[in-house]
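Notes to accompany the following structure.
Laboratory data are not the source of any read-out in this text; all were calculated from the coordinates shown. Fair warning: this is a prediction, and the values are worked out from it, not measured in the lab. Cβ sites come from the backbone with ideal geometry, for glycine too, and all protein chains shown count toward neighbours.
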2 protein chains.
Amino acid sequence: MIQRGAAPYKGKWALPGDLVYPNEDLDTAAERVLEQLTGLRGVYLEQVRAFGAVDRHPLGRVITIAYFSLIKISDYTVTPASFAQSAKWHSVGKVGELAFDHNEILESCLKRLRRKVRMTPIGFELLPPKFTLTELQQLYESILVQPKGNKQRIDKRNFRKKILSTNLLHDLNELQAGVAHRPAKLYQFDRDKYELLVAEGYSFDI
Amino acid sequence: MIQRGAAPYKGKWALPGDLVYPNEDLDTAAERVLEQLTGLRGVYLEQVRAFGAVDRHPLGRVITIAYFSLIKISDYTVTPASFAQSAKWHSVGKVGELAFDHNEILESCLKRLRRKVRMTPIGFELLPPKFTLTELQQLYESILVQPKGNKQRIDKRNFRKKILSTNLLHDLNELQAGVAHRPAKLYQFDRDKYELLVAEGYSFDI
DNA sequence: GGGTTTGGTGTATAAATGACAATAAGCTTG
DNA sequence: CAAGCTTATTGTCATTTATACACCAAACCC
């Protein structure tokens, strides 16, 4: 989020965004805005939808096209845009009232992310190339666990059974290092195999 | 589709669309454009996404926000918009090369519709209030059957078992009339019951 | 009343899901 | 180096869900 440094909604938190240049595709604009905030290039980015209520911006007609991205926030520092006082990562569960209709936008994006992460293997975008099954499970839990307490946790044995049954994880025969307990085995996602299966009609589903 | 009466793409078929007025929400604009073409109001309409490649319109920068709608085409006559030579319903399987990036837009919308019809009971939007199970099954088949021959037909017994097990169809104890064979029982979708279940976390899935 | 056409139904097998707890392995510390 | 700590790893059973498959029933038409 960025904290707005000017009216309207001065001081309020808002999702970062900017105007699209006349000679810029929407996807390119989204990449640019993301880069301006995080310095990141080439990360996963997906359009969600357009928000176009007439009165959503007090100063004029603004149509926003929302995107979500997947970023390992530990790897990058956020830098506030020029029109922002500060930029800061917020926990999804602790987002208060945002500027404009950004709460609605956030909701839409979260909903899309939750569906997407179960239907395609985008989760691996967020993990290092070599990861443990526990890390993978924690990732899924942090994305999928609903605030409403819909389902609080995933069963470890069932999760491993299901994810390994896809045969898309390659056991590297390497162990995690630097932990103060029994180290876990490291796995790698086999993207080539996945692409191949998709071409044959396969559909990932967790 | 409308057949374009002016350059660019004169004579080509295109999805109907129009510019959004300054004081008009996106959803309202979609409703207006639909009404101009079909005379219809109050039908199901859903935004899919925005298309904004810089060069998608030869004459300038145009960003299109795509919607799909569910319409019983037998009930309404299409009327060409002012800038169109003619307006005509096309079978999805027989759509040729369209103007602009409209083939891509159509693909996106179809994909969304196919997902949506399995995850929410929007199918009933297209049926009369009283319908037979065969009509319902034919509706699902016509939407879901993939061109790639993914799955050619739904099993009658399994379909009925599954749809009736939701307990969302109300058996009206009425029979179809005017058919030259054994008439089928008529059913009604229980929307109130559905809304109630959804509030409790229920999720429709066929 | 017989023919035609679509409506309606059940069962058995396979597959997927969900619940559940004990042992194994590496690390740390005394 | 042994004991203790912490997390990793593994299998079975019961239940539910999916799938394959074929015959009789009922209304209409002639």
In terms of Cα to Cα distance under 24 Å, which lysines are near enough to A:LYS161, apart from those fewer than 8 places away along the same chain? A:LYS116, A:LYS130, A:LYS151, A:LYS185, A:LYS193
Roughly what angle does helix A:133-144 make with the longest principal axis of chain A, taking Cα atoms, 0 to 90 degrees, to the nearest 10? 30
With a/c under 1.5 counting as rounded, go ahead and sort the stretch A:100-206 into rounded, prolate or oblate using the C-alpha gyration tensor (a ≥ b ≥ c being the square roots of the eigenvalues; past the cut-off, prolate if a/b is larger than b/c, else oblate). oblate
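From the Cα gyration tensor of the stretch B:2-112, with a ≥ b ≥ c the square roots of its eigenvalues, which class applies: rounded if a/c is under 1.5, or else prolate if a/b is larger than b/c, or else oblate?
Numbers: a/c = 1.30, a/b = 1.12, b/c = 1.16.
Rounded shape, in that the Cα axes give a/c under 1.5.
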At 37 °C in a medium of viscosity 0.692 mPa s, chain B has a Stokes-Einstein diffusion coefficient, with Rh taken as the Kirkwood radius over alpha carbon pairs, in µm² per second, of 170
Which part of the stretch A:32-53 falls in the paramagnetic zone of A:LEU139, meaning amide N under 17 Å from the point 7 Å along Cα-to-beta-carbon? A:42-46
If you keep only loop residues by DSSP, which trypsin sites (Lys or Arg not before Pro) in the stretch A:1-68 have at most 10 other Cβ atoms within 10 Å of their Cβ? A:ARG41
Multiply the residue separation of B:ASN158 and B:GLN176 by 0.36 nm, subtract the distance between their alpha-carbon atoms, and state the gained length in nm to one decimal. 4.3 nm
Give the shape of the protein assembly as shown as rounded, prolate or oblate, defined through the alpha-carbon gyration tensor: a ≥ b ≥ c are the square roots of its eigenvalues, a/c under 1.5 means rounded, and otherwise the shape is prolate if a/b is larger than b/c and oblate if not. oblate
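Would you tell me the mean number of C-beta atoms belonging to other protein chains that fall within 10 Å of each C-beta in B:37-49, as a whole number? Numbers along the way, then the final one.
Numbers: counts 0, 0, 0, 0, 0, 0, 0, 0, 0, 1, 4, 2, 8.
Partner Cβ neighbours, averaged per residue: 1.
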Relative contact order for chain A, counting Cα pairs under 8 Å that sit 6 or more residues apart, in percent: 18
Compute the helix-to-body angle for B:156-165: its Cα long axis versus the longest principal axis of chain B, expressed 0 to 90° and rounded to tens. 80
Take A:GLU24 and B:TYR202, extend 7 Å from each Cα along the Cα→Cβ direction, and tell me the distance between the two endpoints in nm. 4.7
So for chain B, taking the charge dipole from beta-carbon charges (+1 Lys/Arg, -1 Asp/Glu), which of B:ALA30, B:GLY60, B:GLY123 sits furthest toward the positive end? B:GLY123
Acute angle (nearest 10 degrees) that the helix A:102-119 long axis makes with the longest principal axis of chain A, alpha-carbon atoms: 20
